[in-house]
1. Restricting attention to helices (runs of 4 or more DSSP H) lying wholly within the stretch 294-372, give those where 2 or more residues are among the hydrophobic types (A, V, I, L, M, F, W, C), surrounded by fewer than 17 Cβ atoms within 10 Å (Cβ to Cβ) and within 23 Å of the chain's Cα centre (by Cα).
2. Determine if the stretch 299-306 includes at least one residue that is more than 21 Å from A22 (Cβ to Cβ) and at pLDDT 80 or above.
3. Looking at the stretch 48-59, can you tell me whether even one residue there is farther than 30 Å from I311 by Cβ, of a type in the set (S, T, N, Q) and either assigned by TED's automatic domain parsing to the domain that holds F323 or under 28 Å from the mean Cα position of the chain (by Cα) (or both)?
4. Determine whether V140 is touching a Ser or Thr at 6+ places or on another chain (Cβ under 8 Å), modelled with pLDDT of 95 or more and either under 21 Å from V335 (Cβ atoms) or of a type in the set (A, V, I, L, M) (or both).
5. Identify, by number, the condition in (1) hydrophobic (A, V, I, L, M, F, W, C); (2) in contact with a helix residue (DSSP H, G or I) (Cβ under 7 Å, 6 or more places away or on another chain); (3) surrounded by fewer than 20 Cβ atoms within 10 Å (Cβ to Cβ) that A116 doesn't meet.
6. Would you pick out the residues in the stretch 263-293 that are free of Cβ contacts under 8 Å to residues at least 40 places away in the same chain and either within 30 Å of D143 (Cα to Cα) or in a loop (DSSP other than H, G, I, E, B) (or both)?
Amino acid sequence: MNAATFMHGLYVFSIISFVISAYVLLLTLCNNAWLRFSARQKPAQTGPRINVLIPARNEEQNIVTCLNSMLAQEYDNYSIIVYDDDSTDATGQILDDYAARYPDKVRVIHGKGLPAGWYGKPHAMQCLSEASDADYLFFVDADTTHKPDSIGRFLAVAQRYDADLVTGYAWQAIGSFGEAIVVPSIYILNMIAMPLWLIHRTKAPGFSHAIGQIMFFKASKYREIGGYTLVKQQVTEDVRIARELKKQGGKVVFIDAKPSVTCRMYSDYKSSMKGVSKNIFDYFNKNTVLLSLATVAAVLFLFGPLAGVIITFATNSVAKFFFLGAFLGVFLAWVAVTVQRRLPWYVPFVFPVIFVNDLSGAWYARRVISKGNAIEWKGRFVK
């Protein structure tokens, strides 16, 4: 390959990179606009009966804060059911204490082992739903904290859009640099690839997304589709049940729950990487080809423009301007996500590290699973 051919190839690649980058930035800004609008519902104060359903396994550090926030809700027609998923810490004792103090509001179910063919969280969610007779099922993780308008806000959205599932992004509290170079990927991977405002406007199951921390179901539709029995052995059960719901004619609405819900999923870099490793390979359907394509795409269109700027900087080629524009487009998309999600200010400056962490976690999971092994999570193993 001579120099002229090489430079022509760079020129073509620079234009492609610029177009993709512009699309990513535009999609991110549109998603930001939708999320900002989606949270503007006036919370309901009264209405149909709602059960708050909380799966909890070894959550002694979080469950008190979660329960206290749920007991302070302004909505007047709800109760709480918590599933103690064979916890080995003080979670069960704490839950029994709350049930004794608030007998009309809190009910506890103690798990009796995990049946064959189930993963822990889907099984806990299914057990909770079977114990409920409410009109709406509000599944929340034990590490979430809710403002007093949380139930009312989700109900208001569900009623406005006649939704069968309302889910969305909580505000992810990040307390360490280790978390900051892993956790933001839960936003960016979807903000730059999924038009969130189209999820409730199309019946196509491919346009589905969900965050398992907060899942607000219309009970009748949930039971009609079979609930979590559809995803009994799935790691990313949240996204998959949303897709199944849409396949069966349901409507999913994805919102910004940041005004009402806070969550801190992980406590440090190690736990963040373990969580990513558990989830991200499954997100690619455990498909090595898809993961390979994602890796190549990340290298070409995230790191490629920066390399292109360096290579063409001293030349007269206009390719360097396209490369620079492509790099700035990706950077500005990260800035937009950082501002909208209230992430640490330095996140856009370390986005290459975030992608390296995510992809390395996915490849680690692929290697573990391909050898017939499993990834440990909360004392259990998932494949």
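The values are calculated or read from the model by the stated rules, or taken from the named source; none is laboratory data. Note that the structure is a prediction, hence the values are computed from the model and not measured. All Cβ positions, even for glycine, are placed from backbone atoms using ideal geometry, and neighbour counts span all protein chains on display.
1. Counting at least 2 such residues, we get 319-341, 351-370.
2. So far as the stretch 299-306 goes, no, none of its residues is more than 21 Å from A22 (Cβ to Cβ) and at pLDDT 80 or above.
3. There is at least one residue in the stretch 48-59 that is farther than 30 Å from I311 by Cβ, of a type in the set (S, T, N, Q) and either assigned by TED's automatic domain parsing to the domain that holds F323 or under 28 Å from the mean Cα position of the chain (by Cα) (or both).
4. Judged against the criteria, V140 is not a match.
5. A116 satisfies every listed condition except (2).
6. S271, N285, N287, listed by residue number.
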